[in-house]
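In what follows, a single structure is set out as structure tokens and then discussed.
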Amino acid sequence: MLKLIQINKLFNEATPDEKIALDQINLHLNPGDFMTVIGSNGAGKSTMLNMISGALSPDFGDIEIADENVTKLPEYKRSKMIGRVFQDPMAGTAPSMTIEENLAMAYSRDKKRLLRNGVDRKRREMFRVSLETLHLNLENRLNAKVGMLSGGERQALSLLMATFTQPSILLLDEHTAALDPSRAELITNLTKLLVEKDQLTTLMITHNMQQALDLGNRLIMMDKGQIILEIDEEEKKKLTIPKLMDEFQRIRGEKLTSDKALLTV
Amino acid sequence: MFLAVFGSVEQGIIYAIMALGVYISFRILDFPDLTVDGSFVTGAAVAATMIILGYHPVLATASAVIIGFLAGCFTGLLHTKGKINALLSGILMMIALYSINLRIMGMTSESSIGRPNIPLLNAETMFNQFQNFWGSLGIDAAMNNFFGMMGVQYLPSTWGTLFVMGIIVLLIKFGVDWFLKTEVGLAIRATGDNKKMIRSLSANTDTLIIVGLGFSNALVAFSGALIAQYAKFSDIGMGIGMIIIGLASVIIGEAIFGTKTIVRTTLAVIAGAIIYRIVLGLALRVDFLDTGDMKLITAVIVIGALILPQYFEKRREKNRKAKRHAERLSTFQQSKGGAAVAETHPD
């Protein structure tokens, strides 16, 4: 469903701040895969997601979605196939517009936008039914401006909007990180529910190890622009946080010594 | 006095179309578009030139609208494809239009390429064409009789302009309301509200900005074309400070009538444009103020409209807090006798 082939990206090329953001990234997601991505800050996780969504373009390498090469496709065209939820709850919705208007925009994602009423009676009923699945009572506040909602409510709405048209790929960029623990749990459960309902192919970045283990069937760990660990379905079932930490330590430790060796030579 | 206010309302309604255009760029797209100063004159210049060249006033006005649309699109192109700062692309377009407007009006002159003004004194305009029809209805006499009986001394020569402009402005208002609720309209609003989000929902924000600015400037040019026919001249300087007048209308309207829904806000903008004209008209009646002071008065009105609401809001907030404090204090004292202290905090 999603293929990254030898993706390379340099930031601040040819300046003293030059940084390898992504180094020979290869990734292959099958339809229905739910992969969690962990790694420290600056590992290249968000950069990778931005490559897939089209917000950034790779220096080298190809991106394929549903067997179509989309490397040169601009962001707005690619987003017909990609649903996204951002870390910032403010980022995924339009605050001065109402809940139903926001949903109407999400509904038009994979269609051509025309000069027809964005919210009609039929759609309103459909929005109401979908909002009921959130259990946040938003279905009775269709005409409330989204700016009036709490962070958790907005993030739940963003999630619903991202999955509304059953995109080929769902990208979640630390979408629970800005919420308090109880709200984060609510969004985590919702994510599970919505992804399972439509068997969405999902890529989720998280800093929460437990969340990375609880959700999804595959896991990768990134560091310094590389994928340093890939865990498949069978292994992931047996994985625990201590094991993951050990693995992290082992790989990083190795890397450190090899770096040191390089320096002393 | 009555006549002065009447004239202000008449003009205000025509300028309201321009204010709606400014509302679309400024508020909906969140794009401070200074093209307005130029595109207003472009509308006037195209309409006046075509009328002088013998075209039908309606065709002349429609052409003005189309040219205004193109001017707005060009500003949008400079900003989105040329990656030029929003303010700067508007200013560049405004300055370019100055020369273009001179050349457009120059088409009526055989001796020179550019021309700074065109009088329309004896020309056919949309207004006097409408007047021929309106005059046969006898409404003017009835209205003037009515106001005459109420003791108003100086009566307007016709109510037709006010009537037809009122209808046109309301039609445009409903059109704008409807447009902003369509799928395209929603995407345009979201572009001004949260670009990142609407792009992630597969909308081409560049195209939306270009179309939105085109739409905005089409309204501005329409207003310019009508003002030229109303005032019976087109002048290269008539657009100076137009953006501020538009902004003043938007801000005054929003401050007085609120912004709860689009339907309400567009009505507020129209009312704001009329109120602005009335305030300006009354200010100009003060003896020591001259017509040359108009721009200064405009600036003062806008500053007032920006500062006063903040002041009133603060006062209201303070009063509300004081009242609430007094209420809590009294309930506290009442319950002090026997009730539990906890109950003094009802919320």
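Between A:Glu196 and A:Thr133, the contour length at 0.36 nm per residue exceeds the alpha carbon distance by 21.4 nm. Among B:Thr291, B:Thr207, B:Thr108, the residue with the largest mean-square fluctuation in a Gaussian network model of chain B, with springs joining Cα atoms closer than 10 Å, is B:Thr291. Summary of the geometry: region B:267-319 and region B:14-56, compared by the centres of their Cα atoms, lie 22 Å apart. Within straight cross-link reach of B:Lys318, meaning Cα distance under 29 Å, which lysines are found once same-chain residues fewer than 8 apart are removed? B:Lys318 reaches A:Lys145, B:Lys260, B:Lys336. Seen from every direction in turn and averaged, the convex hull around the alpha carbons of chain A projects onto 16.2 nm². For region A:136-147, 3J(HN,Hα) computed residue by residue from phi via the Karplus equation (6.51, -1.76, 1.60; θ = phi - 60°) reads 10, 6, 6, 5, 9, 10, 3, 9, 7, 6, 5, x Hz, glycine and proline entered as x.
Using Cα pairs under 8 angstrom and six or more residues apart, how large is the relative contact order of chain A, in percent?
On the way: 448 pairs, mean separation 69.7, N = 265.
Contact order relative to length: 26 percent.
Size of region B:102-162 from its Cα atoms: along the principal axes, largest to smallest, the extents are 54, 23, 15 Å.
For chain A, a Gaussian network of Cα nodes joined below 10 Å ranks A:Thr133, A:Thr191, A:Thr36 by mean-square fluctuation, and the top entry is A:Thr133.
Subtracting the Cα-Cα distance from 0.36 nm times the residue separation, let me have the gained length for B:Met1 to B:Leu296 in nm, one decimal. Working it through step by step, the gained length comes to 104.0 nm. Our helix-only sum for chain B, with -39,500 (n - 2.57) per DSSP H run of n ≥ 4 divided by its residues, gives a mean residue ellipticity at 222 nm of -25000 deg cm²/dmol. Can you tell me the FRET efficiency between B:Met143 and A:Asp17 if r is taken as the Cβ-Cβ distance and R0 is 60 Å, rounded to the nearest 0.05? E between B:Met143 and A:Asp17, to the nearest 0.05, is 0.20. Compute a Gaussian network model of chain B, connecting alpha carbons closer than 10 Å, and tell me which residue from B:His325, B:His79, B:His56 fluctuates the most. Evaluated over chain B, the most mobile residue of the options is B:His325.
Report relative contact order for region A:24-92 in percent, whole number only (criteria: Cα-Cα under 8 Å, sequence separation at least 6).
On the way: 34 pairs, mean separation 12.7, N = 69.
Here the relative contact order equals 18 percent.
If R0 is taken as 56 Å, the Cβ-Cβ distance between A:Leu114 and A:Phe60 corresponds to a FRET efficiency of 0.90.
Can you tell me the equivalent ellipsoid semi-axes for region B:1-160? Use √(5λ) from the Cα gyration tensor, largest first, whole Å. Please list the in-between numbers first.
Numbers: eigenvalues 252, 95, 32 Å².
Computed over region B:1-160, the values are 36, 22, 13 Å.
Taken over region B:183-301, the alpha-carbon convex hull comes to 133 cubic angstrom per residue. Size estimate for the protein assembly as shown follows the Kirkwood approach: the inverse of mean 1/r over distinct Cα pairs works out to 28.4 Å.
Evaluated at 37 °C with a viscosity of 0.692 mPa s, what Stokes-Einstein diffusion coefficient in µm²/s does region A:136-180 have when Rh comes from the Kirkwood expression over alpha-carbon pairs?
Working: Rh = 11.8 Å.
Answer, rounded: 279 µm²/s.
Sparsely packed loop sites in region A:23-95 (the trypsin sites (Lys or Arg not before Pro) outside DSSP H, G, I, E and B with at most 12 other Cβ atoms within 10 Å) comprise A:Lys72. What base-10 log of the normalised intensity I(q)/I(0) is obtained for region B:5-99 from the Debye formula, alpha carbons as equal point scatterers, at q = 0.13, 0.17, 0.21, 0.22 Å⁻¹? Taken in order of the listed q values, log10 I(q)/I(0) reads -0.50, -0.79, -1.06, -1.11. Legend: translational diffusion of region A:51-153 by Stokes-Einstein, Rh = Kirkwood radius over C-alpha pairs, 37 °C, 0.692 mPa s; D = 210 µm²/s. Rounded to the nearest 20, the Cβ-based charge dipole of region A:103-174 about its Cα centre (Lys and Arg +1, Asp and Glu -1) stands at 540 debye. This model, with +1 at the C-beta of Lys and Arg and -1 at the C-beta of Asp and Glu, gives chain B a dipole about its Cα centre of some 1240 debye.
Applied to region A:14-20, the Karplus parametrisation 6.51 cos²θ - 1.76 cosθ + 1.60 on θ = phi - 60° returns per-residue 3J(HN,Hα) values of 6, 10, x, 8, 3, 9, 7 Hz, with x for Gly and Pro.
Cα centroid separation, region B:205-264 to region A:148-206: 41 Å.
Fewest to most neighbouring Cβ within 10 Å: what's the order for A:Val85, A:Val129? Each step should come with its number before you reach the end.
On the way: A:Val85 26, A:Val129 10.
Arranged by neighbour count, lowest to highest, A:Val85, A:Val129 become A:Val129, A:Val85.
Magnitude of the charge dipole for the protein assembly as shown, about its Cα centre and with charges confined to Cβ atoms of Lys, Arg (+1) and Asp, Glu (-1), is about 1140 debye. Over chain B, the hull volume per residue, using the convex hull of the C-alpha atoms, is 205 Å³. Along each principal axis, taking the top coordinate minus the bottom one, the Cα set of region B:75-226 gives 62, 48, 25 Å in descending order.
Laboratory data are not the source of any read-out in this text; all were calculated from the coordinates shown. Worth saying up front: this structure is predicted, and the values here are computed from it rather than measured. Cβ atoms come from the backbone with ideal geometry, glycine included; neighbour counts cover every protein chain shown.
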